[in-house]
1. With the condition kept exactly as written, say whether any residue in the stretch 75-88 is assigned to a strand (DSSP E or B), free of Cβ contacts under 8 Å to residues at least 60 places away in the same chain, under 16 Å from the mean Cα position of the chain (by Cα) and buried (at least 23 other Cβ atoms within 10 Å of the Cβ).
2. Can residue 150 be described as more than 26 Å from residue 61 (Cα to Cα), assigned to a loop (DSSP other than H, G, I, E, B) and either out of contact with any helix residue (DSSP H, G or I) (no Cβ under 7 Å at 6 or more places or on another chain) or modelled with pLDDT of 95 or more (or both)?
3. Just give me the residues in the stretch 16-39 being assigned to a loop (DSSP other than H, G, I, E, B) and surrounded by fewer than 17 Cβ atoms within 10 Å (Cβ to Cβ), in sequence order.
4. Only one of (1) more than 24 Å from residue 127 (Cα to Cα); (2) assigned to a helix (DSSP H, G or I); (3) out of contact with any strand residue (DSSP E or B) (no Cβ under 9 Å at 6 or more places or on another chain) is not met by residue 12, so which one is it?
5. So, residue 51, is that one buried (at least 23 other Cβ atoms within 10 Å of the Cβ), modelled with pLDDT of 95 or more and in contact with a strand residue (DSSP E or B) (Cβ under 9 Å, 6 or more places away or on another chain) or not?
6. Being in contact with a helix residue (DSSP H, G or I) (Cβ under 6 Å, 6 or more places away or on another chain) and either over 25 Å from residue 59 (Cβ atoms) or surrounded by fewer than 22 Cβ atoms within 10 Å (Cβ to Cβ) (or both) narrows it down to one of 122, 108, so name that one.
């Protein structure tokens, strides 16, 4: 089991310098990974200050040397897989091969997809996820790719440079994948994201929350439940990390 810090890409954590500094502190304290959410609006009625996750991760890559990093998770159906291929290879090489790409369907569908005229049906998004992963992993190879699917088409394109060998592999968030598979009436294995690595890690994520709350006060009923004792990376012994279901408050960045 490996342990990672997992932060939103909005409000206090929507600042590249803040997130990069937090990642450096987490690495110094002995954590194994650092992941960020991937949202465009999250709950649009909240009007959150949101940053692009790939720029946040670029800051994390430059501020650290050992941490595995990546989005947790990126809704591949909301993105063009060839654009994600370019972004992920660039980030993987910038980080020295430390990228772990988490993919999923993305929620909330109405705000994150429907608001921009994108499909909200989980069956459609699950099919786009499957096709997108196929295109993505082929383009990573650096070889000439041709693909013709229901949602995506690639006509004899080779992307250079290829991804580095190592941890950059698509890894899935199990629950949305299985739920989408049930909606689509298919076995779970056909809709769950696949991994191209033979050494796929099991991650236990922990999400900090600012003392003032990165969740707007008007949305207090939607906040994740859990204890809210003050916690910092420096005070986290490697043998006493919080489990994945725990939530802790984090001192507001200066």
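1. yes
2. yes
3. 29, 30
4. For residue 12, the failing item is (3).
5. The answer is no for residue 51.
6. Going through 122, 108 in turn, just one is in contact with a helix residue (DSSP H, G or I) (Cβ under 6 Å, 6 or more places away or on another chain) and either over 25 Å from residue 59 (Cβ atoms) or surrounded by fewer than 22 Cβ atoms within 10 Å (Cβ to Cβ) (or both): 122.
The values are calculated or read from the model by the stated rules, or taken from the named source; none is laboratory data. Keep in mind the model is a prediction, meaning the values are calculated, not measured. Note: ideal-geometry Cβ built from the backbone for every residue, glycine included; neighbour counts use all protein chains shown.
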